[in-house]
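Engineer: Questions regarding the structure given below will be posed in turn.
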């Protein structure tokens, strides 16, 4: 790969590796999203969410919008966690309001046997081209985070065919035909390793695995059907690129009770949602891994003073230790005033610099 522009702000990468930083780095999950008027304008121009995802120029444009607006410490690739099962042939459609759907869900042993592991440079070429373009256009301002869905989370959509409240179909498969589900998870985890390594080769400087639905499992099921496959991904992804370590973040929403297990996977950092106290989490994992999080996104609906108060509380809870990346406990919501997001970013930087 061509030599990339030198990184001007490496605060995020340093914090993920528990190295000293001048202030706590901050970025937001879904920072390129519907709360921004410029995103909505690009989305209208694209005509559909899938066009936005699959057109590198548009994906690059929306990735950079929050970086142009706020002094964030990272850009995150604009894509979707379901592009991998889509590339396996399940037929993804995303409709406003209705959420993602698969036209051809994988519900039987023969469905799953028929699935191939996609080559990221062909079936997912649009994502890899997006990564290359974003890295070029960032010009070293901040690092670029690449990502994928966890095998378990992608499997829930692949089997259910859409979002689910009770995960009836996949849990039936899990308890009745665990071998069939393991075959699907094995294929998905192999696909994710190839996909993240292709993102790293194209210029991603950190990677994150989103396990949105791991919290729906019992502890034994989480270990077997979610965490075990995320550990394979941690073991399979490239550790270095461009002469630097590439940190790997695991995030299980609703997974705070399994923090010690997550730390044992070999990941560099764990994402926390807002239901876990960050000070208690820091005491539990010590200096084994960095922590990312974990303000409730709903705080961004409050007054600027209340936002600053909550930021201060989380910074104080974590304490003056290395290894904190400030984030929300889940994605920023469409109803947030962009001014409040700016207050949040500024508060993290100014208050943490005093530490």
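The values are calculated or read from the model by the stated rules, or taken from the named source; none is laboratory data. If you're wondering where the values come from, they're calculated on a predicted model, not measured in any experiment. Note: ideal-geometry Cβ built from the backbone for every residue, glycine included; neighbour counts use all protein chains shown.
Engineer: In segment 56-68, is there at least one residue being out of contact with any strand residue (DSSP E or B) (no Cβ under 9 Å at 6 or more places or on another chain), under 25 Å from residue 241 (Cα atoms) and either in a loop (DSSP other than H, G, I, E, B) or free of Cβ contacts under 8 Å to residues at least 12 places away in the same chain (or both)?
Structural biologist: no
Engineer: Right, something else. Looking only at segment 26-55, which residues are in a helix (DSSP H, G or I) and within 14 Å of residue 130 (Cβ to Cβ)? Give the derivation first.
Structural biologist: Within segment 26-55, the first condition is being in a helix (DSSP H, G or I), and the residues that meet it are 37-46, 49-54.
Listed by number, the residues that qualify are 42, 46, 50, 51, 52, 53, 54.
Engineer: Let me ask you something else. Quick one: how many residues across segment 99-153 are more than 30 Å from residue 222 (Cα to Cα) and modelled with pLDDT under 95?
Structural biologist: Of the residues in that region, 0 qualify.
Engineer: For segment 193-206, indicate whether the set of residues that are over 19 Å from residue 79 (Cα atoms) and at pLDDT 95 or above is non-empty.
Structural biologist: As a first pass, look at segment 193-206 and keep what is over 19 Å from residue 79 (Cα atoms): none.
No - not one qualifying residue is present in segment 193-206.
Engineer: Kindly provide the set of residues from segment 27-55 that are loosely packed, with under 15 Cβ neighbours inside 10 Å and in contact (Cβ under 8 Å) with a residue 40 or more places away in the chain, ordered by number.
Structural biologist: First pass over segment 27-55, keeping only residues loosely packed, with under 15 Cβ neighbours inside 10 Å: 37, 40-41, 44-45, 47-48, 51.
Listed by number, the residues that qualify are 37, 48.
Engineer: Now for a different question. Quick check on segment 204-217. Is at least one of its residues under 18 Å from the mean Cα position of the chain (by Cα), assigned to a helix (DSSP H, G or I), surrounded by fewer than 21 Cβ atoms within 10 Å (Cβ to Cβ) and without any contact (Cβ under 8 Å) to a residue 40 or more places away in the chain?
Structural biologist: The answer is no; no qualifying residue exists.
Engineer: Which condition from (1) buried (at least 23 other Cβ atoms within 10 Å of the Cβ); (2) farther than 13 Å from residue 25 by Cα; (3) touching a helix residue (DSSP H, G or I) at 6+ places or on another chain (Cβ under 7 Å) is the one that residue 271 breaks?
Structural biologist: (3)
Engineer: Which of (1) at pLDDT 95 or above; (2) more than 29 Å from residue 151 (Cα to Cα); (3) surrounded by 16 or more Cβ atoms within 10 Å (Cβ to Cβ) is the odd one out, the single condition residue 4 does not satisfy?
Structural biologist: (1)
Engineer: Going through segment 319-337 one residue at a time, which ones are surrounded by 17 or more Cβ atoms within 10 Å (Cβ to Cβ) and farther than 20 Å from residue 16 by Cα?
Structural biologist: Scanning segment 319-337 gives 332, 336.
Engineer: Moving on to the next point. Counting only residues that are in contact (Cβ under 8 Å) with a residue 40 or more places away in the chain and more than 17 Å from the chain's Cα centre (by Cα), give me the helices (runs of 4 or more DSSP H) lying completely in segment 253-325 with at least 2 of them. I'd like the intermediate steps shown before the answer.
Structural biologist: On the way: elements: 259-263, 278-285, 304-318.
Counting at least 2 such residues, we get 278-285, 304-318.
Engineer: Looking at (1) in contact with a strand residue (DSSP E or B) (Cβ under 9 Å, 6 or more places away or on another chain); (2) under 19 Å from residue 185 (Cα atoms); (3) touching a residue at least 60 places away in the same chain (Cβ under 8 Å), which one does residue 92 not meet, given that it meets all the others?
Structural biologist: That leaves (3) as the condition not met.
Engineer: Among (1) touching a helix residue (DSSP H, G or I) at 6+ places or on another chain (Cβ under 8 Å); (2) farther than 30 Å from residue 298 by Cβ; (3) surrounded by fewer than 17 Cβ atoms within 10 Å (Cβ to Cβ), which single condition is residue 187 missing?
Structural biologist: (3)
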